[in-house]
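Every number here is computed from the coordinates shown, using simple stated rules; none is lab data. Bear in mind that the values here come from a model prediction, so they are computed numbers and not experimental data. All Cβ positions, even for glycine, are placed from backbone atoms using ideal geometry, and neighbour counts span all protein chains on display.
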Amino acid sequence: MVTVAVLPAGSVSDEAAKLFFKHDDSVRYKYHRLISDVFLSTANNESQYAVIPIENTIDGSVSLHMDWLVHEVDLPIQAEWIYPSHQNFIGRRSELVNEQGEFDYSRVKKVISHPVAMSQCMKFIREHMPNAEREHVSSTAESVRIVKESPDEGVFAIGTRLAALNNGLDLLVESVTDHQNNYTRFFLVGNEPYPVQGEPAQVRTSILVTLPEDYPGALHQVLSAFAWRRLNLSRIESRPTKKKLGSYYFYIEIKRSINEPLMKHALEEIEAIGCHVRVLGSYPCFTYDQLTAE
């Protein structure tokens with residue numbers, strides 16, 4: 001049996017995990033309210049893997065999750081996949097429908113959701129319920145659970161179809177996100193490679209590079225080591241090392257396997273100029289279309 005740590009049942013992470021592991025009947029899910037507990041579950045060997053949302057089309061990098069991956073735990077990335085983040089307006093139909101059988105959004109006193117999900121649905125919220133109170137909670141699944149426990153209080157949630165189903169609530173308006181091309185990247189992290197089925201779209205390598213101090217042009221040389229070998233970078237991001245003010249590391253993703261000779265030589269060149277390189281993982285990447293294909 002494989003145990004996978006994930007955010008609460010009914011969250012986007014839960015939906016994404018069930019798609020990724022749909023062919024593995026041995027998987028059992030260990031749900032946690034906080035992302036810190038998801039990480040620690042795997043770091044403390046209470047689960048073999050953790051499912052981590054790491055980047056979103058609209059909001060970009062999830063900085064908190066990146067910081068946990070870099071500073072708090074040492075869990076290699078074993079796989080990546082893409083999942084659409086379709087949020088929905090959820091509650092009890094009886095609380096929203098007026099005597100004429102139409103939705104009366106003036107009855108909405110409060111909207112609850114995770115701050116990222118809420119921000120992705122602001123056009124819908126401003127248009128229909130601009131005066132409603134907005135409350136942030138730890139996950140979309142938690143917001144739907146609160147609505148379930150708050151009958152006749154005018155409380156509604158932004159959340160997933162699965163969360164509505166799990167809590168016996170109505171899917172009042174589907175796909176209320178501002179942008180329909182809203183996708184989230186997920187990492188599967190753990191200490192052992194996971195035997196993923198199917199051919200990946202590509203293999204990607206994630207590294208952290210810390211530049212030597214007082215070395216003019218160091219970042220240029222790092223990028224040049226990849227450029228002249230024609231190794232394509234898909235992402236580069238700077239984050240504070242948390243050691244002192246003005247000290248940063250660079251998170252870099254390369255669209256190649258670390259086992260390829262050109263990659264090995266590029267990393268050797270970077271280390272030769274005094275950079276510290278930490279490999280976070282070299283892993284298969286799957287698209288949503290690949291995972292949904294039969």
- When the distances between all Cα atoms of the chain are binned every 10 Å from zero, what whole-number percent does each bin get? 6, 26, 29, 22, 12, 5, 1, 0
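Viscosity 1.306 mPa s, temperature 10 °C: what is the translational diffusion coefficient of segment 88-154 from Stokes-Einstein with a Kirkwood Rh over Cα pairs, rounded to a whole number of µm²/s?
Using the Kirkwood radius from Cα pairs, D works out to 129 µm²/s.
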- Message: Under the rule of at least 5 residues apart or a separate chain, name every residue whose amide H is placed under 5 Å from the amide H of residue 137.
- Response: 113, 114
- Item | Label-point separation, residue 288 to residue 44 (7 Å along Cα→Cβ), nm | 3.4
- In cubic angstrom per residue, the convex hull of segment 202-286 built on its Cα atoms measures 89
- Subset of 22/264; 18/255; 18/109; 18/264; 109/242 violating a 29 Å alpha-carbon distance limit: 22/264; 18/109; 18/264; 109/242
- residue 10's amide H: which non-local residues (gap 5+, or another chain) put their own amide H closer than 5 Å, with H modeled 1.01 Å from N in plane and none for Pro or chain starts? 15
- Item | Percent of beta bridges antiparallel (DSSP, the chain, rounded to nearest 5) | 75
- So what is the 222 nm mean residue ellipticity for the chain from helices alone, if each DSSP H run of at least 4 adds -39500 (n - 2.57) and you divide by all residues, rounding to the nearest 500 deg cm²/dmol? -7000 deg cm²/dmol
- Given the Cα-Cα distance of residue 107 and residue 178 and 0.36 nm per residue of separation, how much length would full extension add, in nm? 23.3 nm
- Query: Applying the Karplus parametrisation 6.51 cos²θ - 1.76 cosθ + 1.60 with θ = phi - 60° to the phi angles of segment 234-250, what ³J(HN,Hα) value in whole Hz is obtained for each residue in order, glycine and proline being reported as x?
  - Reply: 9, 6, 9, 8, 9, 9, x, 6, 6, 9, 7, 4, x, 9, 10, 10, 10
- Task: Would you please put 149-155, 185-191, 89-95, 207-213 in order of how densely packed they are, using the mean number of other Cβ atoms within 10 angstrom per residue and starting with the highest?
- Result: 185-191, 89-95, 207-213, 149-155
- Task: With a 10 Å radius around each residue's Cβ, average the other Cβ atoms per peptide and rank 67-80, 134-147, highest first.
- Result: 134-147, 67-80
- Expected vector for segment 84-95, Karplus 3J(HN,Hα) from phi with 6.51, -1.76, 1.60 and θ = phi - 60°, integer Hz, x for Gly and Pro, equals x, 9, 9, 9, 10, 8, 10, x, 9, 4, 4, 7
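Given a cut-off of 21 Å, what percent of all Cα-Cα pairs of segment 25-116 lie beyond it?
Of the Cα pairs, 52 percent sit more than 21 Å apart.
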- How long is the gain from residue 58 to residue 248 if the chain were fully straight, where each residue apart is worth 0.36 nm and the alpha carbon distance is subtracted? 66.0 nm
- Distance in nm between label sites at residue 153 and residue 239, each 7 Å beyond Cα in the beta-carbon direction? 3.5
- Message: If I model a spin label at residue 223 and residue 161 as a point 7 Å from the Cα along the Cα→Cβ vector, what separation in nanometres do I get?
- Response: 4.2
